[in-house]
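Comments concern the structure below.
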Amino acid sequence: MNRRTMIGIIFIVAALLRLADMWGIVHLNWEQCWTEYFGPVLLLYVGLELLIYSFRHNRSQWLQRQLPLGEDGKRVCCAVRLGADEYAYKGETFHGARLDACCGGLRMDLRQAVITQDEAVDVHTFLGGVELLVPEGINVNVTSHSFIGGVGNEIPNREIPGAPCLHIVASNFLGGVNVKLSENS
């Protein structure tokens, strides 16, 4: 684990301790008034930014794994806890996915996937992030249900007649999803 990741984790733990003190779960002595509301939000923001930056810019942390198929043998089910995983399609047919990231990062590369019909990607994050790289030539529909999190959709808003649609449904709690066409955008 590199220095930025450790600093990010420290900030997040400090913010969670402060919130627990505010809610009466633990009793710590926090004397300054500005820490009542500004401190926890600032610590969470800085911690998440450091963590996300660390996972995006240090690809050596990402473990490239085989595609984990669900019970139906078609839909991919990926879950990351306290780490980072990368999954890439290399010409396989895509039949939808469920992606879960808790205190970590997940990257799915669909640029070489074969998408012949409308498919759905369900994304759930808690203190984590998911990056989706989608192929050109398909329609992308993004729906977000986020609490202190969000979705970055870098796909141009266009409708390609007759092309399959990738429906991305993101549920984020202190996390985020980034949808883009290429790695460099």
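Each value in this text was obtained by applying a stated rule to the coordinates, not by laboratory testing. These numbers were taken from a predicted model, which means no experiment stands behind them. All Cβ positions, glycine included, derive from the backbone under ideal geometry; neighbour counts span all protein chains shown.
Give me the one-decimal nm value for the distance between modelled label points at Cys77 and Leu16, 7 Å along each residue's Cα-to-Cβ direction.
A separation of 2.5 nm, rounded to one decimal place.
Full extension from Ala163 to Glu92: what is 0.36 nm times the residue separation minus their Cα-Cα distance, to one decimal in nm?
23.8 nm
Along the charge dipole of the range 62-180, pointing to its positive end and built from +1/-1 on Cβ of Lys, Arg, Asp and Glu, which listed residue (Gly128, Cys165, Ile115) has its Cα farthest out?
Gly128
Fewest to most neighbouring Cβ within 10 Å: what's the order for Arg18, Arg158, Arg81?
Arg158, Arg81, Arg18
Taking the number of other C-beta atoms within 10 Å as the exposure measure, put Phe126, Phe11, Phe147 in order starting with the fewest.
Neighbour counts put them in this order, fewest first: Phe147, Phe126, Phe11.
Run through the range 102-167 and list the GluC sites (Glu not before Pro) located in a DSSP loop whose Cβ has at most 10 other Cβ atoms within 10 Å.
Passing sites in the range 102-167 are Glu159.
I want the local charge near Ile115. Using Cβ-Cβ distances under 12 Å, sum +1 for each Lys or Arg and -1 for each Asp or Glu among the other residues.
-3
For Val114 and His27, calculate 0.36 nm times their separation in residues minus their Cα-Cα distance, and state this gained length in nm to one decimal.
This chain segment gains 25.9 nm when fully extended.
Please state the shape class of the range 62-180: rounded when a/c is under 1.5, otherwise prolate if a/b exceeds b/c and oblate if not, all from the C-alpha gyration tensor.
Taking the square roots of the gyration eigenvalues as a ≥ b ≥ c, the range 62-180 is oblate.
Residues with beta-carbon under 15 Å from that of Gly150, excluding Gly150: net charge, scoring Lys, Arg +1 and Asp, Glu -1?
With Lys, Arg at +1 and Asp, Glu at -1, the net is -2.
Add +1 for every Lys or Arg and -1 for every Asp or Glu among the other residues with Cβ under 9 Å from the Cβ of Pro164, and state the total.
-2
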